[in-house]
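The structure under discussion appears below in the form of structure tokens.
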Amino acid sequence: MERPICRFQSINGDLLTDIMSRVDGSALASVASTCSELRGIALDQSLWKKLCHSRWPSTALAEAEHLISGSVHGCFDKFYSDACPLVLYDEVANANPLKLLECAELNPRTSPSDLLSLIDVYYKNKCVLSRISDGIPEAVDIFKHGLVDSSLEMIADERQKWFLNYPFKLELMDLEDDDDDDDDDEALASPISSLNEAGKSRENLCKKLIEDFRLSWILVDKKTGKAVNLSSWKPLSVQKSWPYHATYVMQFGCVLPVEESLLPQKLARFIVTTRFRMTERGECLKWREIRMRIENIEGAHVNGRSSLMILNKALYSQRSTNQFKVEEGLRKYEKQKREMMRRRESREALADRLFTLIEITVFVILYVSLRLLV
């Protein structure tokens, strides 16, 4: 049986490359599986580089581009396939201990200096912020900095202990309000007032911000080249920070199943918090805070030691390009969290009633005993 001839052989290669440069990543990956002639063009790294730069402008920054294009760490197509799908919370996978153990065996040990974060924020389909955060600033690696003096080693060791045992956070920026901002408070508050006068409530404005804002936080292991997007892409919540200022707090994130040895509840939640102010035109004026933390299902912050292992596992987590499935997984997590909190409150209420009953019983026994003695 003769091998079918590819109909695209007669088409100029430059024309095919130009056509493929206009499709998205999923379409380009599908084209690569059609025939050998198209596969060679579809795996052209210049096409995937253009896609990455378009979707995540932070990848065009020198440090990120050098890391992704390095021969040791793979290429842009591999990075795109890792970073494009979002972390998927699946109750079935969470209930499968063998799957968690399998992922645990795949995870290498990673130090804070091995991690690189690529953050991109979009407003009304336009990228308004692109940053890179190298490593974890709160962590100190003695060997990386080559500290040999005993006093310096002692200081670094104390800071490492502090990082490993205290709540984990990764700050991209954390700016305090300066005096100049006080003069602009009325100007910044005026658009919100005008919106309210026009009949748009604060809730409606927050819903609009949910539709207009998107955020990507890609974590990259510089040793292995593995990457994962820890954001939910769409905001999970938007709140007005202060009643008289145009300052808003927005949260993104994902949920990751982990082993019971890491967290007793076997669930970790990545929370990316942004705080920003709005201009009269409804655009972002100043970013006040962008940071990430990890919590357990009860809302308690996870320490640095456990967070490093959880970040490792996120690099090998289950993912999906289906935004609906990702959002559905987050809703299931919230439902599971509410049920767990309700059970805990029921247990606490039952314990309170038991203690009250015991106190009454002891009081009655003492009272009867005293009456008998009299």
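Annotations
- For region 112-168, the tally of residues that are β-branched (V, I, T), open to solvent by 60 Å² or more (accessible area, probe 1.4 Å) and at pLDDT below 85 stands at 2.
- Being modelled with pLDDT of 85 or more, surrounded by fewer than 19 Cβ atoms within 10 Å (Cβ to Cβ) and of a type in the set (S, T, N, Q) is a property that does not hold for S216.
- Any hit, region 297-305, residues being crowded, with 18+ Cβ neighbours inside 10 Å and assigned to a helix (DSSP H, G or I): yes
- Enumeration of residues in region 219-260 that are under 19 Å from R275 (Cα atoms), open to solvent by less than 10 Å² (accessible area, probe 1.4 Å) and among the β-branched types (V, I, T): T247
- Flag for F276 being over 22 Å from S111 (Cα atoms), open to solvent by less than 90 Å² (accessible area, probe 1.4 Å), without any contact (Cβ under 8 Å) to a residue 40 or more places away in the chain and not hydroxyl-bearing (S, T, Y): yes
- Residue match in region 171-181 (condition: under 23 Å from R288 (Cα atoms), part of a helix (DSSP H, G or I), open to solvent by 30 Å² or more (accessible area, probe 1.4 Å) and at pLDDT below 90): yes
Residue-wise test of (1) small (G, A, S); (2) at pLDDT 90 or above; (3) touching a Leu at 6+ places or on another chain (Cβ under 9 Å).
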site	(1), (2), (3)
Y248	no, no, yes
Q251	no, yes, yes
E259	no, no, yes
P264	no, no, no
F270	no, yes, yes
M278	no, no, yes
C284	no, no, yes
E289	no, no, yes
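- If you go through region 316-374 and keep only what is outside any helix (DSSP H, G or I) and open to solvent by less than 90 Å² (accessible area, probe 1.4 Å), you end up with Y316, S317, Q318, R319, S320, N322.
The values are calculated or read from the model by the stated rules, or taken from the named source; none is laboratory data. Since we're looking at a predicted model, the values are computed, not measured. Backbone-built Cβ (ideal geometry, glycine too); neighbour counts: all protein chains shown. Please note that ligands, DNA and RNA were not included when accessible areas were found on the heavy atoms of the full protein model with its side chains. Shrake-Rupley method; radii C 1.70, N 1.55, O 1.52, S 1.80 Å.
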